[in-house]
Amino acid sequence: MEFEIRLSGSVEVRAAGRRNDLGSTKTRLALAALAWDAGRTVGVDTLIHRIWDEKPPAKAREALHTHVSRIRRAFRIAGADAPSLTSRTNSYLLGVDPDRVDLRRYTSCVDQARSLAAGDDPDQAILLLDDAAALWRGEPLAGIAAYWAGHLRDTVAETRLTAAVVRAEILMAGGEFTDAVPVLLPLAREHPDDEALVERLALALYGSGRIAEATKLLQRTRQRLVRDTGLDAGRRLHQVQQGILAGTPAPALLEHAGVGKRAPARSARQVPDNLPRDIPWVGRRDELRRLTAALSESPDATAPVVTIEAIDGLGGVGKTSMAVHLAHQLRDRFPDGRLFLPLRGHTSDREPVSATHALSELLRLLGTGVDELPQNLDGLVSLWRLMVRDRRMVVILDDAAGPDQVMPLLPGASPTAVVVTSRRRLAGLPGGRSFSLDVLPHDDAIALFDRWVDGRRVSRVSDVARIVQICGHLPLAIEIVANRLLARPSWTTSDLLTRLAGDGGLAEIRDGERTLRDVFNSSYEALSRSRRLVFRRAGHHFGYEFGPHAVAALTGLPLETTESALEELLAHHLISEPSPHRFTFHDLLRTYARTLPDEDIDSYSGSAPEAAVDAEPDGAREGGSRQVMRRLAAHYLCIADRADRLAYPFRSRLPADAVDLPSTPSPRIGDAQSAERWLVTESANLLSVLDWTRQNGSERQLALCVHVLAGFLDVEGHLATAEPLLRRAVGHWRAEGMDAARARALLDLSAVCVHAGKYDEGHSAAREALGLAQSLRDTVLESESIHQMSIPMWHTGQLALAQTLQERALFLRKQSGNILQMARSHNFLGIIHLHLGQDRDSVDYFQLALAGFTDAGDDRGRYRTLNNVAELWQKLGNKEYAERYYREALDVSKTMGSRGDRATLQMNLASVLTDRGNTDEALALYAKSLPALRAVGDVQGEGTALNGTGRAYRAAGLSEQALPHHVAALAVMRRIRAAAEEVGVLYDLALAELDTGRLDQAAAHLAQSRAVSRRIGARADEERAALALERLGRSGSPES
């Protein structure tokens, strides 16, 4: 679907044959201001100036936001192709290819044409100027009167002038003076004082025999300049006038003026061309543009530099079609020939073409007779290089087996371009540049299917979307199933979809002559035995993405051997590497790998290193995929156990020997930071392990799995997954009579319930854990149970009880001497005293907590305590200190912290920024943190962020926009019974209601805030609400 923003003529958006003129003049001007800088950040102040000059409205930012919203709605006509319009801090970014903006494309074409003309490639320059002319639809930003619009018109007018001058110079250099006159004459009337333009028009008139007109033009120009400026014309105009009067030939004057001649025409000779037929092209515009630019870099037709482009990719991805289409598109750039040679590197029934055979065929295509061909490889190489030494050709070497097959076929010093296609990356080609081709985007895949079937027998558009999805957006698979549909006259797309979505799987992608499985077979069979083993076993991995250690666990091969095999699979495009050391399969290749049977290979006997690579070890031949998957699950759980103990040392864990996990090849995890990085990186796979164990493991295995992963599930916000499995684990340990394990499962359950806002259930689980800990006489477990009990007490406003519990936990922890656990108690006591209004005690506890976390090396505890210190400073009115501590906490969290914690810190920083008047940054931080808090299931955090957003809007003078956020926050806090937070939300809601004239509602909410504060013992909040009510009664405003 072609998307275009038009600035030439009227401003409008076009896509799929539809247009949108955006309505108001200011909206069109806003779009123009963004589109002119497409792909670049544009400041809000700059946009306001461009739209309203020096007279912006009172609420210019709100007005700008309205125009931006209209632009986004206008973009909807492009559907999935609609560009992004992103709001950033005090700026906007229109994420669209500049070539989709007609004036940007216009100026780009003119600039390129000028460069090509200067580099003696006039034909290509003219083509670009023709492209630019086709984009011109009249005065830019027609109908819009604004200073910046006028400035843009002036800028484009200069570009248009340049285009005319370049075109005229090319025409005159080719002797076409008459054709140059109408190009220059209209612009000379618009710019009568432009001496360079007048000079070239005079030369064009003179060269076309209109000598009198040329001399009169020069005379009028000189007189005008003297009259208007008091200065005579420049030296070059004098020289042209003198040359005309002296009868100097026009080409000589032209050359003296610096306008070169066309390159002499090449002598005629046979032009070989055996390119396959081009096909109607669909999509891949960016890839085609990049390759075209690469092959068009040197405009010098005699440049002795060979250009080599290697297009690699998965079998069936469209490499050959791309190369052939590219060669057809560049036919004029390579006038001496277009050669196509299949090398059969991956043809299952035939050997790859030898260098001797390939060179003989290439020479024959150039007209060399059979009896003239040398009889040895060196002679063929020498003759080939001699014959292409001064030829500007494009040669396609299709389906290369590897670089060794290609090397003898490369021209030496020659302007010939070579395009190589291969299923493997061709490293080592001298001067070669690799270009990896991926599958088609979804819309392009649909368009390709439609092109093949030509709209016939398409029952539903949704059918086509599902068909190309099953085909993995692979062009060859799409072509095959489209041909299959055409071969069955009674079928519709619904019938085809039924077959593809059934149990047949990969076998259904066939058309009578071809199957996709055959394409994959040829790549698979080219691998060594150990590489085939790695390919098969990696296909059984239950995650989308995996690392080398997991594959080593699947295969039983050494890690070094596994990594080498993965590199080879990557080179053959049988897997891909979306990020360093992380691999994945194309969906169809994963399906193919899972259908392959294990091979019967003798195990390694230790006789030679080569045997270690080519042998399938005994461990890799364990029966069935179930055993393989069990080994993979154990691998992940073993590493997760170690990572959890480092990343979440505060958890109450079973002893390592009680978990009883086998050793496994694992990455280096030596500290909390690397442990948390591993857990986050492998998060999807860990969830898959949990799901696989739930379906295939025993109850004990599931309970141990949940125990190991509970910290990760809680911190990363997988609360809905964790809760039912933890309850199941509690039941298992109860049935087994294992009280220590049950108590720890209850503590994990309590933490998850609290973070989900289920405070009663969280308290109940922790209380049950406390009873078990006391019966076991385990004071460490007892202190953790008490700590966990105090958390829901604090959330529900039972501050005095929370304080008593936490002081008991601290007493027990001091007996054990655990610095980290004491720091946790000190931090929580600081929070409780902060909410009780006991600021001095709060400071003392926070200082103790910071010292403890620092001594324990716990960065997570440090940034959480720094956050609490910042909150204290904010409460005390020192906003500068508060901001400093919040930013310090954010810095610490960059190396160690979950996305939920970082979102909380961003939200808290936004709160103090609101107080300091920096509402733009505050709103941006709230907008960033709110989705993250929702994603991790932090319901209280969600409510706090909603309320903070309302406060920021109110501080920005937008109280009407603040109200719905406060109302939503109040609903959240009441739903989870977070009484302490409800107090603040009620107060902020009342202030917004007062701003908007809702006095009765404000009074009611202030009264509610006072009542809840009194109930939970929050004296400072109670006094604040009472004071506001008193002021409201006196003057109608609580802030008077």
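Taking Val754 as the residue in question, decide whether it is closer than 24 Å to Gly830 by Cα, in contact (Cβ under 8 Å) with a residue 40 or more places away in the chain and not aromatic (Phe, Trp, Tyr). Steps first, answer last, please.
On the way: closer than 24 Å to Gly830 by Cα: yes; in contact (Cβ under 8 Å) with a residue 40 or more places away in the chain: yes; not aromatic (Phe, Trp, Tyr): yes.
Spelling it out, Val754 is indeed closer than 24 Å to Gly830 by Cα, in contact (Cβ under 8 Å) with a residue 40 or more places away in the chain and not aromatic (Phe, Trp, Tyr).
Determine, yes or no, whether Met973 is in a helix (DSSP H, G or I) and either in contact with a Cys (Cβ under 9 Å, 6 or more places away or on another chain) or farther than 30 Å from Leu646 by Cβ (or both). Steps first, answer last, please.
Values: in a helix (DSSP H, G or I): yes; either in contact with a Cys (Cβ under 9 Å, 6 or more places away or on another chain) or farther than 30 Å from Leu646 by Cβ (or both): yes.
Yes: the conditions hold for Met973.
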If you take the residues of the stretch 257-305 that are at pLDDT 50 or above and among the basic types (Lys, Arg), which of them is nearest to Ala413 (Cα to Cα)?
Arg290
May I ask you to verify whether Glu139 is in contact (Cβ under 8 Å) with a residue 40 or more places away in the chain, surrounded by fewer than 16 Cβ atoms within 10 Å (Cβ to Cβ) and of a type in the set (D, E, K, R)?
yes
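Condition check: more than 23 Å from Ala924 (Cα to Cα), among the aliphatic types (A, V, I, L, M) and in a helix (DSSP H, G or I). Does Leu103 satisfy that? Working first, answer last.
Values: more than 23 Å from Ala924 (Cα to Cα): yes; among the aliphatic types (A, V, I, L, M): yes; in a helix (DSSP H, G or I): yes.
So Leu103 passes the test.
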Taking the stretch 931-951, which residues are over 30 Å from the mean Cα position of the chain (by Cα) and among the small types (Gly, Ala, Ser)?
Gly950
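Looking at Leu533, Leu496, Leu527, Leu506, which is the one that is in a helix (DSSP H, G or I), surrounded by fewer than 20 Cβ atoms within 10 Å (Cβ to Cβ) and aliphatic (A, V, I, L, M)?
Details: Leu533 fails: surrounded by fewer than 20 Cβ atoms within 10 Å (Cβ to Cβ); Leu496 fails: surrounded by fewer than 20 Cβ atoms within 10 Å (Cβ to Cβ); Leu527 fails: in a helix (DSSP H, G or I).
Exactly one of Leu533, Leu496, Leu527, Leu506 is in a helix (DSSP H, G or I), surrounded by fewer than 20 Cβ atoms within 10 Å (Cβ to Cβ) and aliphatic (A, V, I, L, M), namely Leu506.
Looking at Ala133, is it under 24 Å from Ala293 (Cα atoms), surrounded by fewer than 17 Cβ atoms within 10 Å (Cβ to Cβ) and modelled with pLDDT of 85 or more? Can you show your working first?
On the way: under 24 Å from Ala293 (Cα atoms): yes; surrounded by fewer than 17 Cβ atoms within 10 Å (Cβ to Cβ): yes; modelled with pLDDT of 85 or more: yes.
The answer is yes for Ala133.
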For Thr895, work out the one condition from (1) crowded, with 19+ Cβ neighbours inside 10 Å; (2) at pLDDT below 90 it doesn't fulfil.
(1)
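State all residues of the stretch 178-227 that are over 52 Å from the mean Cα position of the chain (by Cα) and buried (at least 20 other Cβ atoms within 10 Å of the Cβ); if no residue qualifies, say none.
Here is the first cut: in the stretch 178-227, the residues over 52 Å from the mean Cα position of the chain (by Cα) are 178, 202-227.
Passing the criteria: Ala202, Leu203, Ala204, Leu205, Tyr206, Gly207, Ala214, Leu217, Leu218, Thr221.
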So which of Leu836, Leu805, Leu781 ends up being modelled with pLDDT under 95, among the aliphatic types (A, V, I, L, M) and surrounded by 19 or more Cβ atoms within 10 Å (Cβ to Cβ)?
Leu836
Pairs under 7 Å by beta carbon, first residue without any contact (Cβ under 8 Å) to a residue 24 or more places away in the chain in the stretch 316-339, partner of a type outside the set (A, V, I, L, M), six or more apart or different chains?
Arg331/Arg338
Looking at the stretch 493-500, can you tell me whether even one residue there is touching a Lys or Arg at 6+ places or on another chain (Cβ under 8 Å) and either closer than 21 Å to Arg350 by Cβ or aromatic (Phe, Trp, Tyr) (or both)?
no
Counting only helices (runs of 4 or more DSSP H) entirely within the stretch 659-761, those with at least 1 residues that are within 20 Å of Met789 (Cα to Cα) and out of contact with any Gly (no Cβ under 9 Å at 6 or more places or on another chain) are 699-715, 719-736, 739-755
Quick one: in the stretch 1003-1020, of everything that is at pLDDT 90 or above, hydrophobic (A, V, I, L, M, F, W, C) and within 47 Å of the chain's Cα centre (by Cα), which residue is surrounded by the fewest Cβ atoms within 10 Å (Cβ to Cβ)?
Val1012
Sort out which residues of the stretch 411-429 are surrounded by 22 or more Cβ atoms within 10 Å (Cβ to Cβ) and not hydroxyl-bearing (Ser, Thr, Tyr), and write them in order of number.
Pro411, Pro415, Ala417, Val418, Val419, Val420, Arg423, Arg424, Leu426
Here the qualifying pairs (Cβ atoms under 7 Å; residues six or more apart or on different chains; first in the stretch 32-59 and more than 16 Å from Leu85 (Cα to Cα); second at pLDDT 85 or above and surrounded by fewer than 18 Cβ atoms within 10 Å (Cβ to Cβ)) come out as Ile48/Pro56; Ile48/Ala60; Trp52/Ala60; Pro57/Ala63
Exactly one of Asp81, Asp45 is surrounded by 13 or more Cβ atoms within 10 Å (Cβ to Cβ) and under 27 Å from Leu925 (Cβ atoms), and that residue is Asp45
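The values are calculated or read from the model by the stated rules, or taken from the named source; none is laboratory data. Note that the coordinates shown come from a computational prediction; the quantities given were computed from them, not determined experimentally. Cβ sites come from the backbone with ideal geometry, for glycine too, and all protein chains shown count toward neighbours.
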